[in-house]
Amino acid sequence: MSDMESHRSGQDSIDTPGTVKPQTVRRGGGAPGTRGRTTIADGVVEKITGMAARDVAGVHAMGSGMSRTFGAVRDRVPGGTKSGVTRGVKAEVGEKQTALDLEIVVEYGVSIADVARDVRENVVAAVERMTGLEVVEVNIAVSDVKLPDEEDEEPEPRIK
């Protein structure tokens, strides 16, 4: 094999008389973990975000009062479309990045700035760890404050 043929085949060794050169078989295009494409649905990121936001102390609920009321009714209807976990969460997912919008209700007496910071940190950590997407922004709208003597707006179930 000439030097030119050796370079074209991707091997840099030179044949010497009396030796048998092993053949290198190349399959695919790189490491198996890099072949193909993974897509993550908006709903997946919304669920992760909703769970991570609810884990933060001081977050009473997700979504506005009206969306929580409709969501409570929708959750009881068989075949209801949107999970309660994603209420108050909107995600825009690209190939490598995501942007998130959250609407939260905070407990009375907590620092809204601290809760918002903690929600951002928890959401970014969870989404980036679980999806590998870069979270470019987490916008938080505080739609209400839950007062201690206020009752929850979700209706009691009729059946126990």
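Just so it is clear, none of the values below were taken in a lab; they were calculated from the coordinates. All figures in this text were calculated on a predicted structure; none of them were measured in a lab. So basically every Cβ, Gly included, is an ideal-geometry build from the backbone, and we count neighbours across all protein chains shown.
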Protection proxy ranking, peptides 44-56, 112-124, average beta carbon neighbours within 10 Å, highest first: 44-56, 112-124
Estimated distance in nm for a label pair at GLU134 and ASP114, the labels positioned 7 Å out from Cα along Cα-to-Cβ: 3.2
Local net charge near GLU95, Cβ-Cβ under 14 Å (Lys/Arg +1, Asp/Glu -1): -1
Placed amide H near ALA61: partners under 5 Å, 5+ positions off or other chain: VAL105
